Amino acid sequence: MPLSIASINRIHDSLHKALSKKRIIFWYDPEGEWESEFENYKNDSIKKHKVDNNEFSIKVEITRSSLNQKFLLYFKSSKPNEKDNWLLDLLLCGDEFTADRSSLDLQDVGLPLEFKQLAKEHKTFFRAPSRKKKLKQILKPNDDETSIRLKMLAVITNTQPSIDRILLHCFNQYDPEDQDISNSINNLFAPFKLINFFWTTIASKFGYLSKEPNILDFAVELFKSSSSLTNKGDLEMHAKVFLSDWKDSRQSSEVFIKWSKNIEHFLKVDEILNDQLESFDPDQDDCFESIELFTIHRILKLFIKKADRKDILQIIKKRETSFWFNKHKHGYQAVLNAINLANLIDDSDLELNSFEEGLQRYCKNWWKLDKAYRLFIFHSRTYSQPGLLKELTKWVENNYVNNVLLLLNNKFSDQVKNLEMWKNSFLPSQKDFYSLYVNAQLKSKKLKRIFVIISDALRYEAAKDFSERLNNKSEKVWEADINAMLGVLPSYTQLGMAALLPGNKLSIDIENPNAPVKIDGSNVSGKDNREKKLNSIGKGFTKAINSEDFLNLSTSKDGSEIIKKNTLIMIYHNRIDRIGDKLESESETCKAIEDTFDDLEKILRKVSSFNGSNVVITSDHGFLFQQDAVDTKDKATFPNAYELRIKKKRFAIGDGIDNNSGQKIFSAKQLGIEGSWQAVFPLGIDRFPLSGAGNRFVHGGISLQENVIPVIKLKRKIKSYKQFVKAEILRLPDKITTPRIKFGIYQTEPYEEINFMPLKLKILVIAKKDDSLLCEPKIIKLDFKSQEPRNREHQIILDLSNSSSEYNNEILILKLEQLFDGIRNSTIYFKKEIKLLQPFGNDFEDF
């Protein structure tokens, strides 16, 4: 490889000095490494010759030439023995020139001559000017041979001069299943004679001792020494520090998965787990994914065995910082919602003494039962492990259907039986929606425009959940306030949509099997007819639009025109009913609700882009849902009647209907609807038989889930951000005299979702001089809700790695980094310099 220009100039200057003193200069170069420098040497007064079996002719030329003529003779060979040297007499009267490449290399990188032997040993490293340039940039005046060689490794691997970073590069570069991986590592460092130094450094930092070290063997020891499951490795504490750092590196996480899986198979971790006693606690060990699976399997068994739910919650909390947690979060969420449902069932008194009390208690607390069940179904199905969750799903399904749906609605039906009119004194009627939530706002002089989103089948518990999610966002854009209405009966789409419009008289065309609805004689089926009805009342201009079309509006053109012309924009959204009300897709109801939340947020962002600030979200009806097939006991039979013109799963309309046990008959008048017909409803959660339709997702009847209709009032705010809870560091020492650091982290105020966000902190110790990680990082989450200060403290214990001994009498930094969900970068929350002062007695073993 060519030398730097500075080195070439130094060689040529040396030749000038040599030739100024002697007439003939001999330059022996057995490896031919100086040939280009010889050829590039320019001096018109000097004759240059390459000597290669032409000694005689050169000797004749020199002896016949003037004594003032000088010669530079270059030999691409070693100096011969004196008896074989044809030019010995000329050599004796001349001089031999030697170019010291090692010295030149040291000068190039700015190192003193005391490292000449190092340069000779690793001369292949210094052959590349690019490597020398990079090395020079990172060298420091006080570097010794060890640190120089470490920096040479860093140059080769293009990493930081840290054995951890260099080792991580090696793991990243090579596949653990590659049979030639060990040779690949050798090929990386051996050409520069640095392979022994590489393994010696690893031995020093990790305690890895092997006569024939290789990367695969080291990796096995690394995982064995770090896992609580296979804690039989021989490596030092730094193994855990390195593995933690590896898992924490986003760029290397996929590589970690490969190595972990490979070593998990090699060590037969599954078999080891199968042999564990009940007392085995993996704690926060996340070396292998099998441990995560084992933990999930164990908490499922604990739940079914009716173990203390607080213990299960504690196990799950420990796993929140696991490398594998995010992959299995839906499994954990399924368990958490099953526990929540179980606790709610235990704490809920489902007795009620009146129709109004049922509505009131459902709006206050009972809706949480439906939410817990729905979220369990969503997470368990998303996790896609039906075999694993079979027993838990069976428990949830049985308890929800029998102890919530059936029991609650049977109690509620007992109150409905006695009703003379479908009305109450607690909730306004759905028919009052327009006057209460639209017209009242349109009359306000301050309000220019209102957006109304009607999401088909968005039942109360889902709307409540959505409102809470909006209010709990860290970046709060919309303030949500939720109320409820009593839905019209029968609780189906055509009637529910009509009830949300202005008008006095609702009527159903019972001759049509689709049961279309009119208001004051006007047809209001479909978006266009509803828009026409709204524009007929002279309260300004209204635009009715489907949600898909609204989202596709361009902000600058069509959208601006619509917003400018209309004071009321009615946005019709339909995902839940479209998915749930079909036999082939009703099993996806819970996912459809989550997707609806995403849709609604997109609509709200679009409203914001139009500078909209007032939004109301409501629904036409709710629904009953259970994931498993409906029990035959929950099926009703159509009653005898003079005529049943309309038959649905949860209601039928006709004339002369017999009053059967387990059913409730209302006249049209009792329901507040024009007409002389009757409607019959199965009580509880029973369904009428109807071929070709789904049975798990139904609506139209008198249950709480079908008829408590949500109204979410939203106001756009100037962007505000919820505050994180704050932390104080307690009892932190100013110096470290033992390999363990103990202190406390105190949460200064109780965590409340409406006002605060939990604080997630990563705690670590690094060396100030080179940023080396010196402990296994800990991650904690401050979300204590207790009002009692003493219950809001985390006790922290950090064990320093064996490599910390290299930094005795030096400054370490205790650092707390704040982590944010979904954001890669962290921010410094707290840091403090602490001096490491370990007494000399720590170096002695016990006698």
Inset, instruction - Tell me the label-point distance for the pair THR146, ASP346, using the 7 Å Cα-to-Cβ offset, in nm and rounded to one decimal. - result: 5.7
Legend entry - Farthest toward positive dipole pole in the chain [+1 Lys/Arg, -1 Asp/Glu at C-beta], among GLN179, ALA498, LEU814: ALA498
Legend entry - Relative pair counts by distance (%), Cα atoms of segment 144-303, 5 Å bins: 2, 8, 17, 21, 19, 13, 8, 5, 3, 2, 1, 0
Legend entry - Cut-off under 5 Å, modelled amide H: who pairs with ILE646 long-range: ILE653
Inset, instruction - Excluding residues fewer than 8 places away in the same chain, name every one of the aspartates and glutamates whose C-alpha is closer than 17 Å to that of LYS633. - result: GLU397, ASP686
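Using heavy-atom solvent-accessible surface (probe 1.4 Å) with all chains present, what is the largest-first order of ILE823, ILE25? Don't jump to the answer; show the numbers that get you there.
Details: ILE823 90, ILE25 0 Å².
Per-residue accessible area, sorted high to low, gives ILE823, ILE25.
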Legend entry - Burial order of peptide ranges 486-496, 404-414 (average beta-carbon count within 10 Å, highest first): 486-496, 404-414
Legend entry - Using a Förster distance of 60 Å, the FRET efficiency for LYS715-ASN274 (Cβ separation, nearest 0.05): 0.60
Legend entry - Check: segment 38-86 dipole with +1 on Lys, Arg Cβ and -1 on Asp, Glu Cβ, in debye: 120
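Which sequence of ARG449, ARG792 reflects their accessible areas, 1.4 Å probe, from the largest down?
Details: ARG449 60, ARG792 10 Å².
Order by accessible area, largest first: ARG449, ARG792.
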Inset, instruction - Report the one residue of LEU553, TRP366, GLY110 whose Cα lies farthest in the direction of the positive end of the charge dipole of the chain (charges on C-beta: Lys and Arg +1, Asp and Glu -1; origin at the Cα centre). - result: LEU553
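For the chain, what does the helix formula give at 222 nm: sum of -39500 (n - 2.57) over DSSP H segments with n ≥ 4, over the residue count, nearest 500 deg cm²/dmol? Could the numbers behind the result be given before it?
Details: 30 runs with 315 residues, N = 847.
Computed ellipticity for the chain at 222 nm equals -11000 deg cm²/dmol.
What is the dipole size for segment 493-591, taken about its Cα centre, with +1 at each Lys and Arg Cβ and -1 at each Asp and Glu Cβ, in debye to the nearest 20? The partial results should precede the final answer.
On the way: 15 positive and 14 negative charges, 108 e Å.
My answer is approximately 520 debye.
If Lys and Arg each add +1 and Asp and Glu each add -1, what is the summed charge of the other residues whose beta carbon sits under 12 Å from the beta carbon of ASP686? Numbers along the way, then the final one.
Numbers: positive: LYS633, LYS635, LYS649, ARG650, LYS664, ARG687; negative: ASP631, ASP634.
The answer is +4.
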Inset, instruction - Please report how far the C-alpha centroid of segment 603-631 lies from that of segment 211-257, rounded to the nearest whole angstrom. - result: 49
Legend entry - Carbon plus sulfur fraction of accessible area for the chain, probe 1.4 Å, in percent: 47
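What is the packing order of peptides 743-749, 541-547, taking the mean over residues of other C-beta atoms within 10 Å and listing the highest first?
The most tightly packed comes first, giving 541-547, 743-749.
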Legend entry - DSSP bridge pairs, the chain: antiparallel proportion in percent, nearest 5: 65
Legend entry - Scattering profile of segment 594-710 at q = 0.13, 0.16, 0.17, 0.20 Å⁻¹ [log10 I(q)/I(0), Debye over alpha-carbon scatterers]: -0.63, -0.81, -0.87, -1.07
Inset, instruction - Give the long-range amide H neighbours of LYS48: residues separated by 5 or more places, or on another chain, with amide H under 5 Å away, using H modelled in the peptide plane at 1.01 Å from N. - result: LEU72
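Can you work out the accessible area per residue across segment 398-535, with the rest of the protein chains kept in place, probe 1.4 Å, in square angstrom? Let's see the in-between values first.
Numbers: 5690 Å² over 138 residues.
Accessible area per residue: 41 Å².
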Inset, instruction - Kindly state, to the nearest 0.05, the FRET efficiency for GLU584 paired with ASN809, given R0 = 56 Å and r defined as their beta-carbon distance. - result: 0.15
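Mind listing which trypsin sites (Lys or Arg not before Pro) in segment 304-362 are in a DSSP loop and have 13 or fewer other Cβ atoms within 10 Å?
Filter output for segment 304-362: LYS305, LYS306.
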Inset, instruction - With a probe of 1.4 Å, find how much accessible area segment 50-183 has per residue, and write the answer as a whole number in Å². - result: 56
Inset, instruction - Using the Karplus curve 6.51 cos²θ - 1.76 cosθ + 1.60 with θ = phi - 60°, work out ³J(HN,Hα) for each residue of segment 98-107 in order, rounded to whole Hz, and write x for Gly and Pro. - result: 10, 9, 8, 5, 4, 5, 5, 4, 4, 5
Inset, instruction - Please give, to one decimal in nm, the separation of the simple spin-label points placed at ASP628 and LEU302, each 7 Å out from Cα toward the Cβ. - result: 2.5
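Using the Cβ atoms and a cut-off under 14 Å, what net charge is assigned to the surroundings of LEU67, where Lys and Arg are +1 and Asp and Glu are -1?
Values: positive: LYS22, ARG23, LYS47, ARG64, LYS70; negative: GLU61.
The answer is +4.
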Legend entry - Extension gain from LYS476 to ASN186, taking 0.36 nm per residue of separation minus the Cα-Cα distance: 98.9 nm
Inset, instruction - Hey, can you grab everything whose amide H is under 5 Å from the amide H of LYS664? Only 5+ residues off in sequence or another chain; H modelled, so Pro and N-termini drop out. - result: PHE681, LEU683
Inset, instruction - With mean projected area of the Cα convex hull in nm² in mind, check (1) 53.8; (2) 34.5; (3) 36.5 and report the label derived from this structure. - result: (1)
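Between LYS735 and PHE541, what is 0.36 nm times their sequence separation minus the Cα-Cα distance? Round to one decimal in nm. Kindly include the intermediate steps, with their values, before the conclusion.
Numbers: separation 194, 0.36 × 194 = 69.84 nm, distance 7.33 nm.
Stretched out fully, the LYS735 to PHE541 stretch lengthens by 62.5 nm.
Segment 8-88: which GluC sites (Glu not before Pro) are DSSP loop and have at most 11 other beta-carbon atoms within 10 angstrom? Working shown, then result.
Details: sites: GLU31, GLU33, GLU35, GLU37, GLU39, GLU55, GLU61, GLU82; in loops: GLU31, GLU33.
Hits after loop and neighbour filter: GLU31.
DSSP loop (so not H, G, I, E, B), at most 11 other Cβ within 10 Å: list which chymotrypsin sites (Phe, Trp or Tyr not before Pro) in segment 748-844 pass both filters.
Numbers: sites: TYR751, PHE756, PHE784, TYR807, PHE820, TYR829, PHE830, PHE840, PHE844; in loops: TYR751, PHE784, PHE844.
Filter output for segment 748-844: PHE844.
Could you pull out the pairs from LYS317/LYS781; LYS193/LYS240; LYS448/LYS565; LYS317/LYS735; LYS48/LYS83 whose alpha carbons sit more than 21 Å apart here? Let's see the in-between values first.
Values: LYS317/LYS781 9 Å; LYS193/LYS240 29 Å; LYS448/LYS565 11 Å; LYS317/LYS735 32 Å; LYS48/LYS83 25 Å.
Violating the 21 Å Cα-Cα cut-off are LYS193/LYS240; LYS317/LYS735; LYS48/LYS83.
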Inset, instruction - State the answer as a single residue: which of PHE610, GLY662, GLN160 lies farthest towards the positive end of the charge dipole of the chain, with beta carbon charges of +1 for Lys and Arg and -1 for Asp and Glu, about the Cα centre. - result: PHE610
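The values are calculated or read from the model by the stated rules, or taken from the named source; none is laboratory data. It should be emphasised that the depicted structure is a prediction, and the values quoted were computed from it without experimental measurement. Cβ: placed from backbone, ideal geometry, glycine included. Neighbour counts: every protein chain shown. Just the protein is used for accessible areas: all its heavy atoms, side chains included, with ligands, DNA and RNA removed. Shrake-Rupley method; radii C 1.70, N 1.55, O 1.52, S 1.80 Å.
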